[in-house]
Structures are given as C-alpha cells and as structure tokens.
Amino acid sequence: MAKYTSWKGKNVVITGATGFVGSWLTKSLLEKGAHVTIIVRDVHPKGFLDSIKNEYQKLNGIVFGDLTCRSTVERTINDNDIDTCFHLAAQAIVNVALTSPISTFESNIIGTLNILEACRTSKTIKKVVVASTDKVYGEPQSVPIKEDHPLLAKYPYDVSKASIDMITMSYHQTYGLPVGLTRCSNIYGGNDLNFSRIIPDTIRSVLLNKNPKIRSDGTPVRDYMHVSDVVNAYLRIADHMDRTDVVGKAFNFGTGKPSSVLNLVNKIIEISGKSHLKPVILGKEVKMINEQYLSSDRANSLLKWKANKSLEDGLRETIEWYSANESLWKHLI
C-alpha cells in the first residue's frame, strides 16, 4: 500500500483549472498546502471566477496561454519545478466538437502532446495524471465496461479523447513517463455552468419553476458521480503512481449504480420539493447509446478507491449550491 501523498509544499500544475472539475481539484490541492500553478487560455465570465476567487488568491501563479503553444507549457513546468501535473484541459462540449472538429482535435490532441513532451523533458516531473472519459469506449460491447474494453469512439470529441489515451500510453511505454489515465462516468456538482448537461439544466429549470426538458426518450442509462468523488480519484491515482501495478494504467471511476435519465430527472424534482413539475420528453437524441456505465473494480482493488457520495445526497448538495448561487448562473439564461 502506497503512503498517501503529503501535498504540502508540492509544486503542482493544473490545466483546465478554471473549468468545472478543475476548479474543485484546484481548491482541494490549495487546501492541502500545495503550490499550485495554473495555465489559463481564456478569461471566464466574472460570475464563474467569483465562486472560487477566495481559493485562487492562494495560487502560486497563473500563466495565460494556450496549450497548443509548446513554449508556454515548457516554460511553465520548468520555471516552477513542477512535481505533479494534472492535465484536465480540453474542449469538452460535444455539440462544439460536432460543429468545430478541427479546433477540437487541435486543442485536445496537440495540447496534450505539448503537456506530455514538456513533462518528458522536465527534470522535476514525477507524476502526470491525464483526464480521459468513459466516452472513449463508444458503444459498449457489454456493461459494466472494464478498462480492457476496446476504444470504439466514433465522434470528434470521443475520438480526440481516445487519441489522447493512446498517445499518453505511448509516452509511458516509449519514454517511461509516469502517467495515469482517469476515465470517469458522468460528473455533476456545484459550479458546473455547462447547461447542455442534463443535471445542471434540470436543476436550473426546477429552480425557475419550469418543467425540465429531456432531449432523449428518457430511457438511456448512465452513471452519475459527484465531483468530490472525482477529485478523490485524481488524488488517489497520484498517491499510488510510484507503484509498478498502477503507473501507466487507465482507471475507470464510477459509482456502480446507474440510473435512467428519466429517473434522474424525477429524483431532482422530488428532492427539490417541486412535485407539480413534470419532465417534458422531447425524444430528439435518437443516436444516444442506450446503456453506458463503468466497472470500477480496478480502482477499488489497486487504489482502494470507491465513490462515497450517494446520488441522492450529491443531488441535494448540488441543488443547494445552485439555489444559494443564483447570481452566478441566472444571467447565463
């Protein structure tokens, strides 16, 4: 069993730190005393940064630049003697990927290549954690999906992430770069302002006293995991990166308790106490995979990780966050 990392004083770089999951990871590492440097491409809406500004005042540094610029990435890692890199940055909005595939491939693949190359040539890097996704598996041959399932991605975002997986593993196999891949199920929680996702969109509708809309027919089954469990997954894989049975591997992270979209939306309505509201089923997304959820047996066994937050508790906390922070999202409607 690996000794858990003491992050106090560790030099860490996080890409995607101003995003939904990245902001939670950044806050956690700052609270643990890490010296965190972030690379930021765009200045996000004021309301988004307001929600985490107290933590961001503790940052070691903010580097404004694009990951597709290799010199920016190399300078950031070398100038700050980075020990651990958490690479979360990506163009992750599926509809954007469908309409702008070239920019998605450039951002996701070239950006990751520059991160890996800078880490490979660094004299201080000891751990590189790269965020992947369950979408790399495509249409599953069986569920729950295990890590040895072939990568059957078809669409631009999914293919870009599958490419990243293979490139990351290539850097480990070829150069011995200490990497770990995280493949997470659908993530939710406070501070997610991407309302194309089912949970924040449903919560927003319910809080505005509107009937929530379901784009599919409501039957697709997915696993929904609270972002706090995802942060623990990132930290846990980094904790164990010095082990030969962990380094260079991909790990699935999920709750193991999937739910249909319709059941999910009804649960949000129930927890919100808005029983007069009813889901509006549009049935427009006909190409959706019917069942897609993960086996976390490898993470349970090797990392001693499991999701701790139930869907009901996680949704209740998330609803409370959106209710308390209405000023941060209501102007985005």
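The values are calculated or read from the model by the stated rules, or taken from the named source; none is laboratory data. What you are looking at is a predicted structure, and each value in this text was computed from that prediction instead of being measured. Cβ coordinates were reconstructed from backbone atoms using ideal geometry, including for glycine residues, and neighbour counts include every protein chain displayed.
In segment 165-181, the residue that is surrounded by the most Cβ atoms within 10 Å (Cβ to Cβ) out of those that are in contact (Cβ under 8 Å) with a residue 60 or more places away in the chain and touching a helix residue (DSSP H, G or I) at 6+ places or on another chain (Cβ under 8 Å) is 179.
The set of residues in segment 285-325 that are surrounded by 12 or more Cβ atoms within 10 Å (Cβ to Cβ) and of a type in the set (Lys, Arg) comprises 298, 304, 306, 309, 316.
So, of the residues in segment 194-204 that are in contact (Cβ under 8 Å) with a residue 40 or more places away in the chain and part of a helix (DSSP H, G or I), which turns out to be surrounded by the fewest Cβ atoms within 10 Å (Cβ to Cβ)? Result: 204. Scanning segment 157-186 for residues that are closer than 20 Å to residue 229 by Cβ and of a type in the set (S, T, N, Q) yields 182, 185, 186. Screening residue 152 on (1) among the aliphatic types (A, V, I, L, M); (2) surrounded by fewer than 21 Cβ atoms within 10 Å (Cβ to Cβ); (3) closer than 27 Å to residue 314 by Cβ shows it passes everything except condition (3). Has segment 131-145 got any residue that is modelled with pLDDT of 95 or more, surrounded by 17 or more Cβ atoms within 10 Å (Cβ to Cβ) and more than 23 Å from residue 198 (Cβ to Cβ)? Checked segment 131-145: no residue is modelled with pLDDT of 95 or more, surrounded by 17 or more Cβ atoms within 10 Å (Cβ to Cβ) and more than 23 Å from residue 198 (Cβ to Cβ). Residues of segment 59-87 that are assigned to a loop (DSSP other than H, G, I, E, B) and either not assigned by TED's automatic domain parsing to the domain that holds residue 34 or not aliphatic (A, V, I, L, M) (or both): 60, 65, 66, 68, 69, 80, 81, 83.
Evaluated against (1) buried (at least 20 other Cβ atoms within 10 Å of the Cβ); (2) closer than 16 Å to residue 199 by Cβ, residue 251 falls short on exactly one condition, (2). With respect to (1) touching an Asp or Glu at 6+ places or on another chain (Cβ under 9 Å); (2) at pLDDT below 95; (3) not in a loop (DSSP other than H, G, I, E, B), the lone exception for residue 3 is condition (3). Within segment 49-71, the set of residues being under 23 Å from residue 130 (Cβ atoms), at pLDDT 75 or above and surrounded by 13 or more Cβ atoms within 10 Å (Cβ to Cβ) comprises 59, 60, 61, 62, 63, 65, 66, 67, 68, 69, 70. Assess whether residue 123 counts as being surrounded by fewer than 21 Cβ atoms within 10 Å (Cβ to Cβ), more than 18 Å from the chain's Cα centre (by Cα) and closer than 17 Å to residue 242 by Cα. Yes: the conditions hold for residue 123.
With 122, 107, 132 as the choices, which residue is of a type in the set (S, T, N, Q), in contact (Cβ under 8 Å) with a residue 24 or more places away in the chain and closer than 16 Å to residue 251 by Cα? Criteria check complete, one pass: 132. The residues of segment 129-178 that are under 21 Å from residue 22 (Cβ atoms) and part of a strand (DSSP E or B), listed by number, are 129, 130, 131. Out of 243, 236, 215, one residue alone is surrounded by 14 or more Cβ atoms within 10 Å (Cβ to Cβ) and either more than 20 Å from the chain's Cα centre (by Cα) or at positive phi (or both). It is 215. Of the listed requirements (1) more than 17 Å from residue 293 (Cα to Cα); (2) in contact (Cβ under 8 Å) with a residue 60 or more places away in the chain, residue 139 misses just one: (1).
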